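Participant: Can you read through this structure? Questions will come right after.
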Amino acid sequence: MLRKILTQAPSRRLISSGFPPLFTKSTISPFSSVSSSPEPPSSESNTVEQPGTTISVDRSALYNPPDHSHESTPDSELVKHLKSVIKFRGGPISVAEYMEEVLTNPKAGFYMNRDVFGAQGDFITSPEVSQMFGEMIGVWTVCLWEQMGRPQRVNLVELGPGRGTLMADLLRGTSKFRNFTESLHIHLVECSPALQKLQHQNLKCTDESSSEKQAISSLAGTPVHWHATLEEVPSGVPTLIIAHEFYDALPVHQFQKTSRGWCEKMVDIGEDSKFRFVLSPQPTPAALYLMKRCIWATPEEREKLEHVEISPKSMDLTQEMAKRIGSDGGGALIIDYGMNAIISDSLQAIRKHKFVNILDDPGSADLSAYVDFPSIKHSAEEASENVSVHGPMTQSQFLGSLGINFRVDALLQNCNDEQAESLRAGYWQLVGDGEAPFWEGPDEQTPIGMGTRYLATAIVNKNQGIPAPFQ
Ligand code: SAH
């Protein structure tokens with residue numbers, strides 16, 4: 001069934017398998033056998049030195065995914081790098097460190113040197129599906145700007161803008177609101193030099209100075225700046241932040257409950273020289289975040305916990321966002337696939353629109369994980385008393401309440417048959433649930449709705465009241 005969904009829907013987000021998570025407990029049963037093993041052989045244990053901590057690592061928990069490639073191909077630069085990190089440390093690395101290297105290693109990270117989006121790439125996202133997505137986010141930002149009292153200067157920050165399509169559609173869609181667009185300074189937080197170039201092109205930028213990190217978008221005459229992190233974006237100005245499909249790319253740590261307590265899943269090199277998963281027999285430093293996350297879990301969740309996935313980077317980022325919004329005013333909109341619940345085990349790898357093994361040919365496939373929405377809410381509330389968190393609500397409710405139905409009707413008035421079909425398919429993909437019932441084209445191109453798998457949440461300064469459409 002999963003394979004069928006994969007080949008039917010040529011998109012990363014359309015094809016995610018839904019809940020429960022992809023890799024079920026039975027898939028990682030070797031861990032269970034480790035946890036029930038009274039004493040792992042000591043010859044297979046190793047020691048990792050971390051600042052102030054000594055962590056023994058149990059190398060006996062070999063995990064052999066069924067579809068792992070066994071062909072012996074020469075190691076890529078990234079594989080060599082990961083192996084040298086593991087060897088240099090004298091032991092395995094966390095799944096989070098592996099994920100971070102795979103996605104953002106400056107030389108060979110998945111995002112760093114190419115365009116990974118669209119039919120020719122590895123996956124497709126909502127802004128690439130239809131212009132209506134960016135336009136609706138534009139409606140959201142204008143509404144919040146109104147609630148902020150129409151400030152004359154606003155930092156509009158987008159985290160992980162991909163090709164820049166969402167921002168381009170937002171600027172085109174809001175161009176009639178001159179006071180709004182004239183107030184904007186756009187700040188794009190992007191780690192990939194290749195994607196920064198594409199963003200520059202798609203926003204029709206002309207360089208303002210010799211600096212490549214600063215330009216003017218001719219779409220609305222707006223200044224555009226590029227940064228590697230949110231911390232680099234100047235503060236002290238009311239701020240609107242958009243994070244679409246950004247959180248799912250932030251590294252996650254994975255834990256499993258065993259008879260020894262909570263053990264962290266780590267990535268090691270097996271005797272066959274391939275990567276494999278092992279479990280740490282003792283708590284690791286990331287367990288501090290695990291404990292924090294478990295305190296936020298509901299009593300029902302806590303009772304059932306066997307596996308937990310946490311993203312300390314997401315928690316820290318949310319705190320930074322909340323502090324900024326709490327002191328400077330404004331708000332953030334986060335849209336991603338995820339759950340309004342603690343996440344157990346969701347990390348997945350997608351290459352050329354197909355799910356592949358997480359450890360296979362790192363750097364050639366996207367790695368992403370479900371976003372833990374309660375953790376965003378608690379992190380924001382903990383960081384600033386001046387912010388309130390709203391939602392999550394489904395993408396379908398969010399776009400519907402902002403008026404996407406009116407927008408699609410307006411666009412359908414002025415288009416030919418082919419454009420109308422593409423608009424209807426795009427509309428379904430953004431707000432529908434499952435396969436489009438109206439589809440008469442080839443089965444493999446059936447539009448799959450992501451309206452309920454994606455959730456939207458907002459963090460706003462309390463002075464702004466409740467943001468649309470969360471009232
Ligand atoms: N928002 C876009 C792209 C989503 S893919 C869309 O919806 O189409 C994730 C984006 O985040 C890419 O642009 C990727 O290069 C960027 N990214 C991933 N990890 C990052 C990090 N740690 N710092 C900055 N940018 C990052």
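Participant: Go through the range 425-471 and report how many residues are crowded, with 18+ Cβ neighbours inside 10 Å and of a type outside the set (A, V, I, L, M).
Facilitator: Adding up the residues that qualify gives 17.
Participant: Considering every residue within the range 320-328, establish whether at least one is more than 13 Å from the chain's Cα centre (by Cα), within 15 Å of the ligand (Cβ to nearest atom) and farther than 30 Å from residue 76 by Cβ.
Facilitator: Among the residues of the range 320-328, at least one is more than 13 Å from the chain's Cα centre (by Cα), within 15 Å of the ligand (Cβ to nearest atom) and farther than 30 Å from residue 76 by Cβ, which makes the answer yes.
Participant: Okay, moving on. Taking the stated definitions as given, is residue 158 touching a residue at least 60 places away in the same chain (Cβ under 8 Å), within 15 Å of the ligand (Cβ to nearest atom), closer than 30 Å to residue 350 by Cα and not in a loop (DSSP other than H, G, I, E, B)?
Facilitator: For residue 158, the condition - touching a residue at least 60 places away in the same chain (Cβ under 8 Å), within 15 Å of the ligand (Cβ to nearest atom), closer than 30 Å to residue 350 by Cα and not in a loop (DSSP other than H, G, I, E, B) - is met.
Participant: Which pairs turn up if I take residues in the range 354-377 that are under 17 Å from residue 301 (Cβ atoms) and look for partners that are acidic (Asp, Glu) and open to solvent by less than 10 Å² (accessible area, probe 1.4 Å) with beta carbon separation below 6 Å, at least 6 apart in sequence or on another chain?
Facilitator: The qualifying pairs are 371/248; 371/336.
Participant: Do we have residue 385 as out of contact with any helix residue (DSSP H, G or I) (no Cβ under 6 Å at 6 or more places or on another chain), of a type in the set (Asp, Glu) and in a helix (DSSP H, G or I) here?
Facilitator: No; evaluated as a whole, the condition is false for this residue.
Participant: Quick one: what pairs do we get from the range 98-114, first residue part of a loop (DSSP other than H, G, I, E, B) and open to solvent by 40 Å² or more (accessible area, probe 1.4 Å), second near the ligand (Cβ under 8 Å from one of its atoms) and not charged (D, E, K, R), C-beta under 6 Å, 6+ apart or different chains?
Facilitator: Close Cβ pairs satisfying both conditions: none exist.
Participant: Also, I was wondering about something else. So in the range 88-97, with the set limited to residues that are modelled with pLDDT of 95 or more and assigned to a helix (DSSP H, G or I), which one is most open to solvent (accessible area, probe 1.4 Å)?
Facilitator: For the range 88-97, the residue satisfying everything is 97.
Participant: Okay, moving on. State the number of residues belonging to the range 327-349 that are over 20 Å from residue 392 (Cβ atoms) and not in a strand (DSSP E or B).
Facilitator: The total comes to 5.
The values are calculated or read from the model by the stated rules, or taken from the named source; none is laboratory data. The structure presented is a predicted model; accordingly, all values stated were derived computationally and were not measured. Reconstructed Cβ throughout: ideal geometry from the backbone, glycine too, with neighbour counts over all protein chains shown. Areas reflect the complete protein model, heavy atoms only, side chains present, ligands, DNA and RNA absent. Shrake-Rupley method; radii C 1.70, N 1.55, O 1.52, S 1.80 Å.
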